Amino acid sequence: MDAPVWIGLENYRRMFRSDPLFYQSLKATGLYVMMSLPIIIVFGVLLSLLLNMKIKGMNFYRTLFYIPAVISGVSIAMLWTWLLQPDVGIVNTILALAGIEGPKWFWDPKWALPSVASMSLWKVGGSAVIYLAGLQNIPPQLYEAARIDGAGKLRIFFRVTLPLLTPTLFFQLIIQMIEAFKVFTEAYVITKGGPLKATYFYLLYFYEEGFQHFNTGYASALILFLVLIIMAMTILVNYTSNRWVYYEGEDKG
């Protein structure tokens with residue numbers, strides 16, 4: 001084995017100046033983050049509102065929706081491959097019954113990335129449990145006061161529930177954003193980065209460089225840059241939190 005050779009910043013020069021795969025993987029990952037984050041945050045909040053209802057057997061439903069969060073990512077990927085299979089998949093079969101021709105999903109360059117992003121729905125149960133804890137920390141007397149003032153359900157949600165849920169939203173936004181930047185299993189198991197590099201995510205590129213081509217120096221530079229991106233995004237979210245995160249008893253005006 002050859003001795004290591006010091007090359008200074010050459011890996012970063014290659015990364016920014018002469019590596020189209022770096023930009024492609026960064027683009028695919030960025031688009032995935034923008035697609036998956038709204039899905040998991042919005043549907044997580046909606047599901048938590050349902051799980052917060054006072055109905056018989058609610059503990060069973062809470063457990064049922066949380067189970068997917070502890071299932072292997074490879075198993076989930078195989079399940080979604082079956083669901084979105086173009087010819088015999090359940091989704092396209094249902095669409096065909098309605099007279100709609102379903103897309104090829106993972107096998108279509110236009111649909112591959114949205115298809116992978118849609119798998120975020122599978123993680124909603126785990127997020128909903130966190131939101132549920134936030135909902136149950138909201139003092140019930142605030143709801144009673146709002147009802148006495150004549151507020152309807154929508155007004156109560158936007159004036160009471162949502163503002164007091166923002167600390168939980170802030171926490172979930174950071175955690176889920178970091179998880180989205182780390183997307184790997186879905187592309188590795190289902191698409192292998194294709195078709196036409198549409199799902200060639202950053203960690204998949206890092207894996208190929210470091211563990212298939214054994215370019216460990218370049219792979220280290222790639223992962224360090226990803227860490228810097230995540231740090232920068234986390235600092236940005238934290239910086240803006242003073243404008244939209246509310247705590248009980250805090251006066252923003």
Quick check on segment 221-252: of everything there that is modelled with pLDDT of 95 or more and more than 19 Å from I175 (Cβ to Cβ), which residue is farthest from the chain's Cα centre (by Cα)?
A221
Cross-chain or 6+ apart pairs with Cβ under 8 Å, segment 52-77 first and over 20 Å from A117 (Cα atoms), then of a type in the set (V, I, T) and in a helix (DSSP H, G or I)
R62/V129
Selection status of F170, closer than 23 Å to Y66 by Cβ and either at pLDDT 95 or above or aromatic (F, W, Y) (or both)
yes
Report whether or not Y200 is within 22 Å of P114 (Cα to Cα), at pLDDT 95 or above and in contact with a Ser or Thr (Cβ under 7 Å, 6 or more places away or on another chain).
yes
Enumerate the helices (runs of 4 or more DSSP H) found wholly within segment 144-242, keeping only those where 2 or more residues are exposed (fewer than 13 other Cβ atoms within 10 Å of the Cβ) and without any contact (Cβ under 8 Å) to a residue 24 or more places away in the chain.
153-156
Here are S72, S25, S36: which of them is under 21 Å from the mean Cα position of the chain (by Cα) and modelled with pLDDT under 90?
S72
Set G102, G126: member being closer than 28 Å to Q176 by Cα and surrounded by 11 or more Cβ atoms within 10 Å (Cβ to Cβ):
G126
Looking at Q172, Q136, can you tell me which residue is under 22 Å from the mean Cα position of the chain (by Cα) and not aromatic (F, W, Y)?
Q172
Condition check for I138: under 15 Å from V45 (Cβ atoms) and either touching a strand residue (DSSP E or B) at 6+ places or on another chain (Cβ under 9 Å) or hydrophobic (A, V, I, L, M, F, W, C) (or both):
yes
What residue, among those in segment 134-143 that are in contact (Cβ under 8 Å) with a residue 24 or more places away in the chain and part of a helix (DSSP H, G or I), is surrounded by the most Cβ atoms within 10 Å (Cβ to Cβ)?
G134
Quick one: which residue in G193, G217 is in contact with a Leu (Cβ under 7 Å, 6 or more places away or on another chain) and modelled with pLDDT under 95?
G193
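The values are calculated or read from the model by the stated rules, or taken from the named source; none is laboratory data. Owing to the predicted nature of the structure, the values given are computational and were not obtained by experimental measurement. We place every Cβ from the backbone using ideal geometry, glycine too, and count neighbours over all the protein chains shown.
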